[in-house]
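Data block below; observations after.
The values are calculated or read from the model by the stated rules, or taken from the named source; none is laboratory data. Just so you know, these numbers come straight off a predicted model, no measurement behind them. Backbone-built Cβ (ideal geometry, glycine too); neighbour counts: all protein chains shown.
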Amino acid sequence: MFDVLKTSWALLLGMLLLMVGNGVQGTLLGIRGNIEGFSTLEMSIVMSAYFAGFFGGSRVAPELIRRVGHVRVFAALGSFISAVLILYPSITEPWAWALLRVIIGFCFSGVYVTAESWLNHAATNENRGQTLSLYMIVQMAGVVAAQGLLVLGDPSGFVLFVIPSVLVSISFAPILLSVNPTPAFETTKPMRLRDIYAVSPLGCVGLFLLGGVFGAQFGMSAVYAAQLGLPVGQISVFIATIYVGALVAQFPIGWLSDRMDRRALVLIVAAVGGIASMFGLFLGDVFGALIVLAFIVGGASNPLYSLLIAHTNDYLEPEDMAAASGGLIFINGMGAITGPLITGWLIGQVGPAGYWLFIGALMVALVGYALFRMTQRPAMAAQDTGAYVTVMPSASTVTLEAAQEYSIEAAEETMTDETEA
């Protein structure tokens with residue numbers, strides 16, 4: 001771990017600051033939109049726009065990097081992020097915010113692709129797993145820390161938009177001044193979606209459903225909490241708890257993933273998240289209960305992403321894993337785009353409880369489909385499965401391909417050890 005920090009501290013510090021900036025803008029807009037009197041439908045469109053831009057950026061950024069290089073892409077997109085963060089309070093109109101969210105989603109996606117390719121290039125075969133784990137921790141820590149910044153100012157003012165803009169601007173310095181040389185950028189031609197589905201139906205359906213859950217959590221949690229009438233401090237704690245739960249649960253779920261039928265574990269974890277969400281329908285207005293539910297649902301939903309990726313890898317040939325990454329991210333991204341829209345509509349129909357209703361319905365659907373798939377083919381023996389690698393749903397194809405590569409390396413090491421024994 002210390003070797004990773006020694007070689008990649010600048011990248012990780014820069015990504016931490018970027019995640020703080022992204023975490024602040026997502027929560028702050030939900031609070032500010034409520035203050036400005038935006039309807040739930042308008043806010044759902046605004047929040048969904050980020051994922052549309054993010055999806056577009058993940059497709060375009062690789063070509064931009066190939067044409068003009070890492071440094072120019074990183075600097076250009078980072079400048080746009082800083083500008084957009086300041087423009088939000090200057091143009092308080094839903095249509096303008098939606099447009100700005102498309103832009104900022106596009107830029108963050110491109111920045112992630114650029115920075116993650118640098119990070120992957122700096123990693124070695126020996127420390128790739130540690131690098132991926134540390135990167136996930138940095139991402140989570142950035143989003144959690146972002147919530148603490150919200151209590152430093154008035155969300156109806158200008159200062160809280162300036163702080164993340166400054167942090168994002170500062171984040172470029174350690175990365176651009178310390179990273180050398182820039183790596184060659186290559187991407188793998190993606191597999192067709194129907195081919196991925198044929199290999200792992202549960203992986204595809206599950207990632208689409210989880211995309212909706214992630215879109216609701218990252219996009220609509222602040223809107224939901226503002227609709228409840230919670231003060232800014234409690235909204236910050238609620239959202240931070242979702243990601244703390246995700247971080248804490250990753251490791252025990254990963255340990256279980258390597259020792260039991262992954263479909264059964266998907267079913268159990270999704271059931272826990274679904275049951276907790278159903279409790280949210282009735283206890284969502286009790287703050288203490290709300291925090292417990294946020295921890296449980298966050299701890300169920302985020303690790304499920306890594307779990308489904310690992311399950312899909314179990315049925316892919318090693319040479320196809322990298323090619324499948326783009327398709328898996330596409331499937332998850334389509335779910336993330338629809339998540340805020342449906343959540344916003346439900347909140348408009350049934351009130352704040354619509355937030356939990358949507359997440360709970362997706363979790364229950366995942367339970368049902370996992371149960372169905374368990375009747376379609378026998379479980380793979382635990383010793384034949386690949387490694388579980390922690391990956392955030394917001395990761396780009398670069399990190400997912402790195403995770404696939406690590407999974408292949410871990411499997412090869414295991415086979416070598418067994419042969420020698």
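Restricting attention to region 320-379, and to residues there that are hydroxyl-bearing (Ser, Thr, Tyr) and under 24 Å from Leu265 (Cα atoms), which single residue is surrounded by the fewest Cβ atoms within 10 Å (Cβ to Cβ)? Result: Thr375.
Within region 54-73, is even one residue part of a helix (DSSP H, G or I) and within 16 Å of Val24 (Cα to Cα)? No, region 54-73 contains no residue that is part of a helix (DSSP H, G or I) and within 16 Å of Val24 (Cα to Cα).
Given the criterion crowded, with 21+ Cβ neighbours inside 10 Å and part of a helix (DSSP H, G or I), identify the matching residue among Gly233, Gly219.
Residue meeting the stated conditions: Gly219.
Filter region 18-45 for residues that are in a loop (DSSP other than H, G, I, E, B) and free of Cβ contacts under 8 Å to residues at least 60 places away in the same chain; which is farthest from Leu100 (Cα to Cα)? If we take residues in region 18-45 being in a loop (DSSP other than H, G, I, E, B) and free of Cβ contacts under 8 Å to residues at least 60 places away in the same chain, then Gly37 is farthest from Leu100 (Cα to Cα). Taking residues in region 191-209 that are without any contact (Cβ under 8 Å) to a residue 40 or more places away in the chain, and partners anywhere that are of a type outside the set (Asp, Glu), the pairs with Cβ atoms closer than 7 Å and at least 6 places apart or on different chains are Tyr197/Cys204. Just one of the listed residues (Ser48, Ser44, Ser82) is small (Gly, Ala, Ser) and either modelled with pLDDT under 80 or over 25 Å from Gly339 (Cβ atoms) (or both), and it is Ser82. When region 274-324 is filtered for residues that are of a type in the set (Asp, Glu) and not in a helix (DSSP H, G or I), the ones remaining, listed by number, are Asp285, Glu317.
Taken together, the criteria place Ala76 among residues that are surrounded by fewer than 22 Cβ atoms within 10 Å (Cβ to Cβ) and free of Cβ contacts under 8 Å to residues at least 24 places away in the same chain. Candidates Pro190, Pro174: the one that is at pLDDT below 90, within 29 Å of Ser58 (Cα to Cα) and not in a loop (DSSP other than H, G, I, E, B) is Pro174.
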